[in-house]
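The values are calculated or read from the model by the stated rules, or taken from the named source; none is laboratory data. Note that this is a predicted model, so its numbers are computed, not measured. Note: ideal-geometry Cβ built from the backbone for every residue, glycine included; neighbour counts use all protein chains shown. The area values use the complete protein model at the heavy-atom level, side chains included, leaving out ligands, DNA and RNA. Shrake-Rupley method; radii C 1.70, N 1.55, O 1.52, S 1.80 Å.
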2 protein chains.
Amino acid sequence: MILTVTLNPAINLTYHVEALVPGATHRVSRADKRLGGKGINAAAVLTQLDLPAVTTGLLRDGPPSFTPIAGPPRRTVVVTDGTSATSFREPGPVVTAAEWAEFTVSFARLAEQAKVVVLAGSLPGGLPDHSYASLIGLARSAGCLTILDTSGAALTHGLTAEPDVVKPSATDQPRLAGRALGRTIVVASDGPNGLTAQGIRARPPHLSGNATGVGVACVAALARGLLLGTPWPALLRDAAALSAAASNAGSVDLALYRELLPQIEVEHL
Amino acid sequence: MILTVTLNPAINLTYHVEALVPGATHRVSRADKRLGGKGINAAAVLTQLDLPAVTTGLLRDGPPSFTPIAGPPRRTVVVTDGTSATSFREPGPVVTAAEWAEFTVSFARLAEQAKVVVLAGSLPGGLPDHSYASLIGLARSAGCLTILDTSGAALTHGLTAEPDVVKPSATDQPRLAGRALGRTIVVASDGPNGLTAQGIRARPPHLSGNATGVGVACVAALARGLLLGTPWPALLRDAAALSAAASNAGSVDLALYRELLPQIEVEHL
C-alpha cells in the first residue's frame, strides 16, 4: 500500500473572471472548490491508476485518516480568465507540538500497513524544518521506502534522513547537483527534456503536461514504481510519460499517458 | 429599536500582498476575515453610536437572529498592496422558497419589536426581485419606518412598496430623478458635494470618507434620525458628517464625525 502525507493541505478555490484588472471589482462567474496539497493530489492520480493510496496529514475537519488540528486550512485562490492564472496563497495554520505528536503516532501506525510513503509539499507553521526527517525515520523503521518532494529548508533537513528518492523543486535542483546524498536517488526534472536519474534520461516527444500537475504525476509514478519494484529505466520512462500526461493538479489524461509511454526516449547519459 | 436586514451577507477576506502582478503567484502575508454585508455593517456603525441594532438575514452558521440556510455564504476577496484594492466577489448561495418563508415569519416577529427597519444590500439567488417590497409591507404592518438601500431590479421592485426613505446607488440615482415615488424620500449622494433630500443639501468641508464605508455610515445616520424623529435639515447634516467620517466598511471615526458636524454646510436648494 502507498501512504501519502500532506502536512499543509489547502482548499483550492478557482475564481473564473472575464479579465483580471488590478484595482477593479470582479464578479466571479464561477467558483470551483477542491481540497488539495501534493500528497492528496498524488493519491488522486494513483487512484486513477487503480492503485488507491491512503492519505494522511494534518487537517481540521478532514477524513478520519488525517490528524485533526485546531487551525483552519489555508486557502489558495487562483483567479483565471481562461488563458492566464494569478494565484494568492494564504499563510497556513500553526501546528502545536501536541498536534504534531499525535500525528506522528498515527503516522507510525499507518506506515506499518504501507510499503511506500510519499512525503510531499510544504511544512505548515509551528513544525521544525527536520519534520520530514523524523517521518522518514519512522517510515524506514516500519519497513517502507520513502519519496520526498519538498523545497527549501524542509528539503535540506529532510535529506539528512536519506529518503530513498527525492524529487527536488526546480529551484532546489542546482544546489543538490553533485552533492553526496547517501542512499538517496535524485530524480531531476529538465522541463521539456524530461527526467534524469541514475544516469538515465527519459525524454517525452511533446512539451510537458499541465504545469500544476507535472510534479505530482511524476511523484505518483515514482511511488507506483517503488511499490512494484520496477527497474529504473522502465520506471523513469513511466514517470516521464505520466508527467507529460498531467491534465490538472490531481489528474492525468490516461489515454495520452498510454499513447506517450512507447514514445519516451530513454538514454544512458 | 433599529432592525437591519442582510439577505446576502459575505465573508470578507482581505489579502495583503506586496504587489499585485497578473499571472504571478502571490504569497499572502496576512489574511483578515470578517463577516460583512450592508445591514451588518450599518448595525456595527450604530453600535459605535451607542444605539445597538438587531441584525437579521439569511446565513448558514449565523447568530440566532438570522435564519439559517443550507448554502454557504459568498466570500469577497479583496487583494491590497497597501495603496490599491482589487476585489473578487463570489456568487452567493441560492435561497429556497422554504428558507425564505421561514425568514419572513422570523422577520415579522422581529419587526414587532422594532421602530425602524433598514433593508440593505443585494438579494441572493433564488429570491424574487420584489422580496424587499414584501418585507417593507410586513415592516409597515408592524408599525416600522423603513429605509431601503439596494440597487438594480431589487431597488425598482422594492420601491413599489414605498419605503419611507431610499438611498439609491450612484448608478441608480439618475433613473429615479424626477420620478414620483409616493411617500418615499430619496436621499441622493452627490460625492464630495454631500447629500441632498427634501430640497436640502448638506455639504461636508472635506472630501468624502472611506469609499467602502460612506454609504453604510449614511444609512446608519438615517436610521438613527428616523428613530429619534430628527427633523430633515439636522438629519441630513448628521448623515453628511457621519458619511464623511467613514473609516472602513463598518466603522466611523467618531472624533472626526464630531469635528465635522458643525462644519457641514446646509442649504435649501
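Observations
- If you filter segment B:1-25 down to residues that are part of a strand (DSSP E or B) and polar (S, T, N, Q), you find that the one that is nearest to the other protein chains (Cβ to nearest Cβ) is B:Thr25.
- Residues in segment A:39-75 that are modelled with pLDDT under 95, open to solvent by 40 Å² or more (accessible area, probe 1.4 Å) and either within 14 Å of chain B (Cβ to nearest Cβ) or part of a helix (DSSP H, G or I) (or both): A:Asp61, A:Pro72.
- Tally of residues being under 11 Å from B:Val266 (Cα atoms) and not small (Gly, Ala, Ser) across segment B:206-241: 6
- Which listed residue, of B:Val105, B:Val117, B:Val95, B:Val78, is surrounded by 15 or more Cβ atoms within 10 Å (Cβ to Cβ) and farther than 30 Å from A:His16 by Cα: B:Val117
- Considering only residues in segment A:26-38 that are open to solvent by 40 Å² or more (accessible area, probe 1.4 Å) and more than 14 Å from every other protein chain (Cβ to nearest Cβ), the one that is farthest from A:Arg224 (Cα to Cα) turns out to be A:Arg34.
- Scanning segment A:241-257 for residues that are out of contact with any helix residue (DSSP H, G or I) (no Cβ under 8 Å at 6 or more places or on another chain) and farther than 20 Å from A:Gly121 by Cα yields A:Asp253, A:Ala255.
- Test: residue in segment B:180-190 that is aliphatic (A, V, I, L, M) and surrounded by 21 or more Cβ atoms within 10 Å (Cβ to Cβ): yes
- Residue count for segment B:107-127, restricted to those that are in a helix (DSSP H, G or I) and among the polar types (S, T, N, Q): 1
- Segment A:192-219, residues that are assigned to a helix (DSSP H, G or I) and closer than 16 Å to A:Gly121 by Cα: A:Val214, A:Gly215, A:Val216, A:Ala217, A:Cys218, A:Val219
- Filtering A:Glu90, A:Glu112 for residues that are closer than 27 Å to A:Ala239 by Cα, of a type in the set (Asp, Glu) and either more than 9 Å from chain B (Cβ to nearest Cβ) or within 21 Å of the chain's Cα centre (by Cα) (or both) leaves a single hit, A:Glu112.
- Consider segment A:128-157 and keep the residues that are part of a helix (DSSP H, G or I) and more than 17 Å from A:Ala108 (Cα to Cα). The one that is most open to solvent (accessible area, probe 1.4 Å) is A:His157.
- Counting the residues of segment A:197-224 that are buried (at least 22 other Cβ atoms within 10 Å of the Cβ) and aliphatic (A, V, I, L, M) gives 8.
- Residue count for segment B:225-269, restricted to those that are surrounded by fewer than 14 Cβ atoms within 10 Å (Cβ to Cβ) and in a strand (DSSP E or B): 3
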